[in-house]
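Enquirer: Sharing a structure, written as structure tokens. Questions coming.
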Amino acid sequence: MGVYASVFHKSSGQILIDSTDPSQANWITAHSDACKMPVPEVQRCWGRFLLLQPDKNGNVHRHRFIKDDIFNRQLVQQIPVTEDGLVTFQTYCSAVYWLSNSSRETKLGGLYQTLACSSLNKDSLERLLQALYPKESQGGVNQLSSLLMWEMDTKNQGFIDEDQFIAWMKKLPQETLTALLHFSVIPHKLTAASAPQIPQRDVSVLKKDSVYL
């Protein structure tokens, strides 16, 4: 996410790392205020963050986020950390807020920064495609990367810049693009499960009542 991720820790201009910690009663509400997130969403984030075994100050070493996946590694490298290589819970919440609330244009820019890192040329595109399609032959990957370069690099620069990437992504079917970029802090199935249930009237009573309509 590059330049996009650099604003994560600046949420509302407040830095919470020195003013509260998980033992304080205001841990959740302070992050809710700073990151402009509803309390239930911050609670959801904290529950997920705890799985990474944060220290007593509520921070996690960045390496705990890394998995054996090229996309994961490139994404994690974009997350701002402290001088000690720690990801604060505030940064985590801000990143989640960004994923959930950013505009389509901003998300596409962040996706480009994650995929490209330094440059998105044919070689780097081939590496990404090989990771995405591990069963595809080298010839197939080479052919696909050449096709994508031809479609996206309309300026014949030898690489795909951010504007070209975003313009190409916007040509995808709207439902596909929406599904790709959609992110809910609290999954819909959990939200639906917690919604109050409306009691159902007995069908026989309904039929009886209908006589008087």
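Enquirer: Any idea which residue in segment 112-123 is farthest from ILE70 (Cα to Cα), counting only those that are at pLDDT below 90 and not in a loop (DSSP other than H, G, I, E, B)? Walk me through it before giving the result.
Expert: Applying the first criterion (at pLDDT below 90) to segment 112-123 yields 113-119.
Those still in the list that are not in a loop (DSSP other than H, G, I, E, B) too: 113-116.
On the way: GLN113: 14, THR114: 10, LEU115: 9, ALA116: 12 Å.
Out of the qualifying residues, it is GLN113.
Enquirer: Can you pull out the residues in segment 13-50 that are closer than 14 Å to THR88 by Cα and in a loop (DSSP other than H, G, I, E, B)?
Expert: GLN14, ILE15, LEU16, ILE17, ASP18, SER19, THR20, ASP21, PRO22
Enquirer: Within segment 158-178, how many residues are outside any helix (DSSP H, G or I) and not charged (D, E, K, R)? Give the derivation first.
Expert: Filtering segment 158-178 down to residues outside any helix (DSSP H, G or I) leaves 158-161, 170-173.
Now restrict to residues that are not charged (D, E, K, R): 158-160, 172-173.
Number satisfying all stated conditions: 5.
Enquirer: Still on this structure, please answer the following. Are there any pairs with C-beta distances below 6 angstrom linking a residue in segment 129-151 that is in contact (Cβ under 8 Å) with a residue 40 or more places away in the chain to a residue that is surrounded by 12 or more Cβ atoms within 10 Å (Cβ to Cβ) and in a helix (DSSP H, G or I), with the two at least 6 apart or on different chains, and if so which?
Expert: Going by the 6 Å Cβ cut-off, the qualifying pairs are ALA131/ILE70.
Enquirer: Here's another thing I want to ask about it. Please determine, by comparing only the residues of segment 50-89 that are acidic (Asp, Glu) and closer than 30 Å to LEU132 by Cα, which one is surrounded by the fewest Cβ atoms within 10 Å (Cβ to Cβ). Spell out the reasoning first.
Expert: The initial filter retains those residues of segment 50-89 that are acidic (Asp, Glu), namely 55, 68-69, 83-84.
Then keep just the ones that are closer than 30 Å to LEU132 by Cα; that gives 68-69.
Values: ASP68: 6, ASP69: 11.
The selected residue is ASP68.
Enquirer: Another one. Please identify the pairs in which a residue from segment 25-39 that is assigned by TED's automatic domain parsing to the domain that holds ASN57 has its Cβ atom under 8 Å from the Cβ atom of a residue that is at pLDDT 90 or above and outside any helix (DSSP H, G or I), counting only partners at least 6 apart or on another chain.
Expert: TRP27/GLY58; ALA30/GLN24; HIS31/MET37; SER32/PRO38; MET37/VAL185
Enquirer: Here's another thing I want to ask about it. Suppose we filter LEU108, LEU75 for residues that are assigned to a helix (DSSP H, G or I), in contact (Cβ under 8 Å) with a residue 24 or more places away in the chain, of a type in the set (A, V, I, L, M) and in the same structural domain as GLY47 (by TED's automatic domain parsing); which single one remains?
Expert: Working: LEU108 fails: in the same structural domain as GLY47 (by TED's automatic domain parsing).
Of the residues listed, the single one that is assigned to a helix (DSSP H, G or I), in contact (Cβ under 8 Å) with a residue 24 or more places away in the chain, of a type in the set (A, V, I, L, M) and in the same structural domain as GLY47 (by TED's automatic domain parsing) is LEU75.
Enquirer: Quick one: would you say LYS135 is over 24 Å from PHE183 (Cβ atoms), touching a Ser or Thr at 6+ places or on another chain (Cβ under 6 Å) and surrounded by fewer than 18 Cβ atoms within 10 Å (Cβ to Cβ)?
Expert: Details: over 24 Å from PHE183 (Cβ atoms): yes; touching a Ser or Thr at 6+ places or on another chain (Cβ under 6 Å): no; surrounded by fewer than 18 Cβ atoms within 10 Å (Cβ to Cβ): yes.
So LYS135 does not fit the description; no.
Enquirer: Just give me the residues in segment 162-183 being among the charged types (D, E, K, R) and touching a residue at least 60 places away in the same chain (Cβ under 8 Å), in sequence order. Full working, then the answer.
Expert: First, pick out the residues of segment 162-183 that are among the charged types (D, E, K, R): 162-163, 170-171, 175.
The one that is among the charged types (D, E, K, R) and touching a residue at least 60 places away in the same chain (Cβ under 8 Å): LYS170.
The values are calculated or read from the model by the stated rules, or taken from the named source; none is laboratory data. Worth saying up front: this structure is predicted, and the values here are computed from it rather than measured. All Cβ positions, glycine included, derive from the backbone under ideal geometry; neighbour counts span all protein chains shown.
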